[in-house]
1. Do we have B:I187 as crowded, with 23+ Cβ neighbours inside 10 Å, at the interface with another protein chain (Cβ under 8 Å from one of its Cβ atoms) and touching a helix residue (DSSP H, G or I) at 6+ places or on another chain (Cβ under 9 Å) here?
2. Identify all residues within the range C:27-57 that are over 17 Å from the mean Cα position of the chain (by Cα) and outside any helix (DSSP H, G or I); write none if there are none.
3. Please count how many residues of the range B:3-12 are open to solvent by 10 Å² or more (accessible area, probe 1.4 Å) and touching a residue at least 12 places away in the same chain (Cβ under 8 Å).
4. Does A:A104 qualify as being away from chain D (no Cβ under 14 Å) and of a type in the set (A, V, I, L, M)?
5. Return the residue satisfying two criteria in turn: it lies in the range A:115-138 and is in contact with a Gly (Cβ under 8 Å, 6 or more places away or on another chain) and open to solvent by 30 Å² or more (accessible area, probe 1.4 Å), and of such residues it is farthest from the other protein chains (Cβ to nearest Cβ).
6. Out of B:G24, B:G15, which single residue is open to solvent by 20 Å² or more (accessible area, probe 1.4 Å), within 12 Å of chain C (Cβ to nearest Cβ), in a helix (DSSP H, G or I) and touching a helix residue (DSSP H, G or I) at 6+ places or on another chain (Cβ under 7 Å)?
7. Among the numbered criteria (1) on the phi > 0 side of the Ramachandran plot; (2) crowded, with 22+ Cβ neighbours inside 10 Å, which one does A:F72 miss?
8. Residues of the range D:202-254 being open to solvent by 30 Å² or more (accessible area, probe 1.4 Å) and of a type in the set (F, W, Y), which ones?
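The values are calculated or read from the model by the stated rules, or taken from the named source; none is laboratory data. Since we're looking at a predicted model, the values are computed, not measured. We place every Cβ from the backbone using ideal geometry, glycine too, and count neighbours over all the protein chains shown. Accessible surface areas use protein heavy atoms only, side chains included; no ligands, DNA or RNA. Shrake-Rupley method; radii C 1.70, N 1.55, O 1.52, S 1.80 Å.
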Protein chains: 4
Amino acid sequence: MDGETPWRGEGPEYGRRLTVLSQGRFGPERGLGRVLDLLAGHQIPGTFYIPGYTVDQHPEVITAIQGGEHEFAHHGYMHLGTEGLDEGGQRAELERGLTAFERARDPPDRLPVRRLELTPETLAMLTEFGFGYDSSLMADDRPYWDVSGSAPVLELPGHWSLCDWPFFGYTPYHGGLLANPDTVERIWLEEYESARAERRVLTLTMHPEAIGRGYLIRMLDRVITGMRERGRPWFATHAQIAALASQPPASARG
Amino acid sequence: MDGETPWRGEGPEYGRRLTVLSQGRFGPERGLGRVLDLLAGHQIPGTFYIPGYTVDQHPEVITAIQGGEHEFAHHGYMHLGTEGLDEGGQRAELERGLTAFERARDPPDRLPVRRLELTPETLAMLTEFGFGYDSSLMADDRPYWDVSGSAPVLELPGHWSLCDWPFFGYTPYHGGLLANPDTVERIWLEEYESARAERRVLTLTMHPEAIGRGYLIRMLDRVITGMRERGRPWFATHAQIAALASQPPASARG
Amino acid sequence: MDGETPWRGEGPEYGRRLTVLSQGRFGPERGLGRVLDLLAGHQIPGTFYIPGYTVDQHPEVITAIQGGEHEFAHHGYMHLGTEGLDEGGQRAELERGLTAFERARDPPDRLPVRRLELTPETLAMLTEFGFGYDSSLMADDRPYWDVSGSAPVLELPGHWSLCDWPFFGYTPYHGGLLANPDTVERIWLEEYESARAERRVLTLTMHPEAIGRGYLIRMLDRVITGMRERGRPWFATHAQIAALASQPPASARG
Amino acid sequence: MDGETPWRGEGPEYGRRLTVLSQGRFGPERGLGRVLDLLAGHQIPGTFYIPGYTVDQHPEVITAIQGGEHEFAHHGYMHLGTEGLDEGGQRAELERGLTAFERARDPPDRLPVRRLELTPETLAMLTEFGFGYDSSLMADDRPYWDVSGSAPVLELPGHWSLCDWPFFGYTPYHGGLLANPDTVERIWLEEYESARAERRVLTLTMHPEAIGRGYLIRMLDRVITGMRERGRPWFATHAQIAALASQPPASARG
C-alpha cells in the first residue's frame, strides 16, 4: 500500500507533481477496493505492508482491510530507501511507521517488516524492536534464518520476478516495462508449478497502485484460478507461514 | 497532436535535430490522416489535444479535424513540462496555447486541458481560465472531482497503460519499448472487458506520431472491432463524458 | 555495415574495449556472409550503407557485396552523430566517407546517404556534394521531398520500428530490448500488409551485426517468405525506388 | 557463479545493501543446487566460471561441482570490469582469482577465462599466465583465434542473446527486462536450429543467480529437451570444445 510514498520519499520536487502523486493515490482510493473484493471472492487472506504515511493520509484503508482475515505489516513511514539513510534516519523511519499504526484504530500487536533495501543497521533494529520476521532478503526462495546480524532474523523472501511493480509500474520519470499480463501470468504459474513440485512457499508481492488496474485484476483472477486448477494451494499470510518456520539455528541465537 | 513540440520543448539543441523533429512532423503530416480515416470508417468521434505550436505550424490539422464530430482540446503551447516552470511560465503556456487556437479558423468555445504533469499552480489556473474539465490526474479510472485546489476540477483520467506512447514511442535519445501490437491489443481489450463489467468509461490516449504508423492503425482497427464484438461500446468525446458527470461535491465548491 | 564505428565514434575509451568492438566486427566478418547468402537465395538486392572506417578496415566487404545487384551507400566515416559536430566536423565525416569509397576497388559513381541524425548543415551539404537522395528523415512513410533547405532533397524514409537495432542490439553499456523475433516478424509483416494495401514502399533497415546472428537470419527468412505469401512484393534498392520518385516541387527548386 | 561479486565490485556502497547482496547469494546457496540437479538428470557437463571471491566465500560450491564431469573456469576475483582498471589492477584480478582456486580443495590445473569486457592488457596476460583459451570476444559464433595481441588466443565466443542475465537479471538499481521465458526458449532453440544446420557450436551462458529461479529451471529443462527433440546435440565443456579447435594461425604465432 505504498500510495504516494515512493514519490514523496524520492525528493521534495515530487510534492508538486500532482499527476504522479495521483498515480500513487490510485492504490488506496481505487485499487485496494478491487483487490479486497477479489481476495474475498476467492476467500484468500493477504499481508498488507503499509507505510505510515499511507496510514496517516488514508486511515480508511485500515478499516477496509480489518474486515477480512488479513494481516498488517510495517513498511517504513515514507518508503525511504534505507541505504540512503544513516542509523538515526533508519530508526526514525521504523518508529514513525509504528506510531502511525498506533494512531490508527485497532493496531496489530506485532508487525513483520518489508523494505526495499535492507542495511545492517535496520537489520539490527528488527531484533531490537521485536519484529517477528522480515521480508527483505532474497538469498533463498524458502523461509530462512538470516544469521549475519547479532540475532537470527526469519526471512520470508520475495523476488522481483514475483512482484507486480517491475512489470507494470510506469511513470514518465522512471519508465517501466508495461509487460503483457499473459507473460506475468505465465511466469507466476510456472513458479507455482516449481513451488508445488518442491512443496515450498511462493510469495507474490503486489501493489494496489499497479495490480489494481482493471486489466490486471483480471490477470490476478486468472492466476489464482490457474493455481487451483493445477494443485491445491494454501493461501496464507506471512504470519501463518512464519508460525510454521523452523526454530532459529542454535549457533546464531543471540 | 504533439507534433514537434515534445522535442522542441525539451531544449534548444533539438531545434537542429531534423530526424527526431521529422518523427514529430509525421503526426500532423501523415498519421493524422490515417487516424481520421479510421475514425470516420467506424463513425467514432475523438477529442484532439493540440499544443498551440502544432496549431501554428500545421493549421491544416484544424481544418481536417473540423469536418467530423470531433472535439478540440488544449495541450499547452510547446508541451512544456509544467513541473519545470514557475507560475509565470505555466501561465504563458496556457495563454499561448489559447491564443494559437484563437488565431486558427473557427476556434472552440471552451477547452478541456491535458498535461503531462499537473502542478498546484496550473490546477488553480484551470478554474481561473474557465476550463470545463481536465485530463491530467489518475487517482481513479472513472471521472472524479479533484478537490485539492481552491475549486473542484472535474478529472477525466487516462493512464500510461492506456496510452500508445509508452508502448510504441521511440527515439535514439530516449529509447522506448517498441512493444508487440498484440500485447497492447490484449491489454486494451482486457481493460475494456473490465470497464464493461463495471459499466465505466475507458479513456485511450493516442498520438498520431505513434499510432499513425501503418502497422499500428491496423491494431487500432482490431481494438475497435474487438470492442464491438465483446459489447456495445459508446464512443464519445470528453465533452460528452463530462456532460454526464455528477455535480461537484458541495464541500469543495469555491 | 557499421562494424566497430558506433562504439569507436562514441569516445576514445571504446578503443580498448575489445569485447564490444568484437560485437561490431561480427558484422563484416560473420553476419554479412549470412545476409548475402540469404539475399542471393531469395534473389533480392539490397542497399548497403557503409561507414568509411568499415571500408578501410574491411575492404573485403566491398568485394563480397559487389558480386550481386546491390547498391553501395554513404554512411559517414566513423558513424559520428552529426548533432554533436560543427559544420567542419560534419563536412569531414562526409568527405572522409567518400574518400574511403574512392580508395576501395570499383567505387560507385553516386551515393545516397543515411545518417543517424540529420542537421541543417549536413542537409545543405547533400546538395553541394551531389547526393541523389537521402534516408535520414521520417516525416512520412513514402518517398518525399524535404524542402526545408536551400534545395529540395529526396527522402526515402525508414523508421525505428522497421530497424533491427532497437529490437536486437545489446551492449552492457547501452542495454537493449532483446526482443522476441516473433514480435518483430509480426510488426514487419503487419507493416507490409499496410504498405501493400496502400501500394507504398516499405524500408527495412538492418545491421549485419544484429540481423546476422543465426536466430535472426531465420526470422528474416520467414519475413521474406511471409511477404511473398501475402502478396507480390518488389524488392528493390534505394536507387531503384529513387528513380521512380516524382520530380522535386517547383516551389523549392534551388 | 558471480554470487555477490558484481555488486560488491561496483562500489563500496554495495557492501551494506543486504537485499541486492542476497540476490547474489541466491546463486551459490540455492540456484547452483538446482542447476547441478538438472544437469545431472540430463547427463550434461558444464563449464563453471567462478570469481575468486565466490570461491573464498562459498568453498562448498567447489565441492558440489567437483562431483560431476564439470569444468572450472577463471572469472576474475571480484568481477571487476577490466576497462576500468589499469594494468596492475587487471593483473591483481587475475592473480587473486588464481590464488583463490589454489586455496580451494583440488584446484584445476589449467583455466580458461571469461571476462565481462576484455582489454589489450588482459589479453596479453592470458598468454603470459598460460590460459588455454578465452571466452570474452564475440566477433564470430564459432571458435576462432584472435590475433590482435602478441600471441594468438583461442576464443570460444558467447553472446548477450545467449545469456540469461540480460533477459532475467533485475535489481532496483539497474532495472532489467524480466523477459517471458517462452521468448528466451524460442530464441535459444532457434539459435540451436541455426547451429545445427551449420554444424557449429552454440555457447549458452547462465548464472545460478538468474537461471536458478524455479520458473527458469523449468525453461532450461524445456530448452534441453527441445534440443534433443530437434537433433542430436553434443553437450560439452569449453575444454572439450577447445581440444577440437584448429591450430593457431602460423602468421600470428608469438
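1. On the way: crowded, with 23+ Cβ neighbours inside 10 Å: yes; at the interface with another protein chain (Cβ under 8 Å from one of its Cβ atoms): yes; touching a helix residue (DSSP H, G or I) at 6+ places or on another chain (Cβ under 9 Å): yes.
Spelling it out, B:I187 is indeed crowded, with 23+ Cβ neighbours inside 10 Å, at the interface with another protein chain (Cβ under 8 Å from one of its Cβ atoms) and touching a helix residue (DSSP H, G or I) at 6+ places or on another chain (Cβ under 9 Å).
2. Of everything in the range C:27-57, just one residue is over 17 Å from the mean Cα position of the chain (by Cα) and outside any helix (DSSP H, G or I), namely C:Q43.
3. Result for the range B:3-12: 5.
4. On the way: away from chain D (no Cβ under 14 Å): yes; of a type in the set (A, V, I, L, M): yes.
When the stated conditions are applied, A:A104 passes them.
5. Ranking the qualifying residues of the range A:115-138, first place goes to A:T127.
6. Working: B:G24 fails: open to solvent by 20 Å² or more (accessible area, probe 1.4 Å).
Step by step, each of B:G24, B:G15 is checked, and only B:G15 is open to solvent by 20 Å² or more (accessible area, probe 1.4 Å), within 12 Å of chain C (Cβ to nearest Cβ), in a helix (DSSP H, G or I) and touching a helix residue (DSSP H, G or I) at 6+ places or on another chain (Cβ under 7 Å).
7. Looking at each condition in turn, A:F72 falls short on (1).
8. Correct list: D:W234, D:F235.
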